[in-house]
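First the structure, in the form of structure tokens, and then the observations on it.
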């Protein structure tokens, strides 16, 4: 079993024990370190049971693979995982939750096609809508002064 297989196996078990913890894994080639992010921050900082699992795991990894580095970080760490290689207990984004709840209905609504023709037996009233948008305005003062024309423009 190589380093990554060992880590992913342990993280899968940890994810089962702590379903409320979002776990991200990646190998940072620049610093040659396996990085595991545990979130939310409250879990990483305050969950003693989680500490009892990840701290011995990191020591076991270092004993099994001497010379290899592993780091457990919080989401507030300056060391970040942007594109994780593996994720466990990933929270669903709002759009996925809505799709799961309203998927069947939204598919029906999104596939609706609007009619492109008017029925033959229907009646159409052909009135202009211009008076609604551009009503006539009665002006009570003379428009000889050029100033009024400029201010209206």
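Each reported figure results from applying straightforward, stated rules to the coordinates on display, with no laboratory input. Fair warning: this is a prediction, and the values are worked out from it, not measured in the lab. Here the Cβ is made from the backbone with ideal geometry for all residues, glycine too, and neighbour counts use every protein chain on show.
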Review point. With the radius of gyration and the Kirkwood radius both derived from the Cα set of region 1-45, what is their ratio Rg to Rh?
Key: 1.01
Check your understanding: Once Rh for region 3-92 is found with the Kirkwood sum over Cα pairs, what is the Stokes-Einstein diffusion coefficient at 37 °C and 0.692 mPa s, in µm²/s?
Key -> 250
Exercise for review: Compute the relative contact order of region 3-92 as a whole-number percentage, counting only Cα pairs closer than 8 Å that sit 6 or more residues apart in sequence.
Suggested key: 40
Study note, to complete from the structure: In this structure, the FRET efficiency calculated for residue 53 and residue 74 from their beta-carbon separation, with R0 = 22 Å, to the nearest 0.05, is 0.90
Review point. Of the beta bridges DSSP finds with both residues in region 3-92, what % are antiparallel, to the nearest 5?
Key: 65
